[in-house]
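Data block below; observations after.
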């Protein structure tokens with residue numbers, strides 16, 4: 001009867017060791033970089049594509065009669081940790097050209113994307129970041145039907161959210177990573193147009209409300 005008891009004890013000890021290792025691993029994951037816990041970060045609001053994306057920059061001397069409308073795309077988010085270091089945001093904007101003739105090979109959709117890093121983000125509920133498209137891009141390539149942002153810390157995605165109009169609505173949530181959109185034959189990637197708000201004429205507009213990128 002001694003040997004079975006020893007075997008049972010060893011089995012119980014092995015089970016306890018495995019359980020402890022699993023708990024330690026889970027705790028280690030929970031103690032990742034600040035902001036990597038889903039409960040520590042929340043996207044609050046994205047620019048409404050129906051109402052408030054068109055804006056005119058204001059010159060230091062006041063409004064200019066020649067001011068043109070830019071595409072301004074903002075994100076408001078909330079954070080729980082005292083500090084998040086190295087918050088990375090990837091912005092995606094899609095324009096739809098109503099004049100494009102797909103049968104002739106025209107690109108009906110244009111995709112603009114840029115990635116920015118915010119080195120130090122403190123605790124708060126009203127953080128803002130944003131990107132802009134110049135008037136020429138809107139005039140040449142159409143109207144916005146999609147805007148999305150993906151957030152990551154230390155290479156780990158912590159949040160993603162988007163808004164959609166027109167044909168993108170039929171794709172559903174997550175359209176910004178969907179191959180049906182990204183690999184569509186009538187979509188054209190256009191680099192260099194989408195720029196950081198802080199490097200645009202909107203730099204001084206409500207400057208203290210926006211995070212500064214690296």
Does region 55-73 contain any residue that is on the phi < 0 side of the Ramachandran plot, outside any strand (DSSP E or B), crowded, with 18+ Cβ neighbours inside 10 Å and more than 13 Å from the chain's Cα centre (by Cα)?
yes
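Yes/no per residue for (1) modelled with pLDDT under 95; (2) assigned by TED's automatic domain parsing to the domain that holds residue 80:
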position	(1), (2)
137	no, yes
140	no, yes
146	no, yes
153	no, yes
169	yes, yes
177	no, yes
180	yes, yes
214	yes, no
Of the residues 81, 98, 144, which single one is under 21 Å from residue 214 (Cα atoms) and either in contact with a strand residue (DSSP E or B) (Cβ under 9 Å, 6 or more places away or on another chain) or in a loop (DSSP other than H, G, I, E, B) (or both)?
81
Going residue by residue through region 147-165, is there one that turns out to be over 27 Å from residue 42 (Cα atoms), in contact (Cβ under 8 Å) with a residue 60 or more places away in the chain and in contact with a strand residue (DSSP E or B) (Cβ under 9 Å, 6 or more places away or on another chain)?
no
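The values are calculated or read from the model by the stated rules, or taken from the named source; none is laboratory data. Values in this document were obtained by computation on a predicted structure and should not be read as measured data. Positions of Cβ are generated from backbone atoms using ideal geometry, with glycine treated the same way; all protein chains shown enter the neighbour counts.
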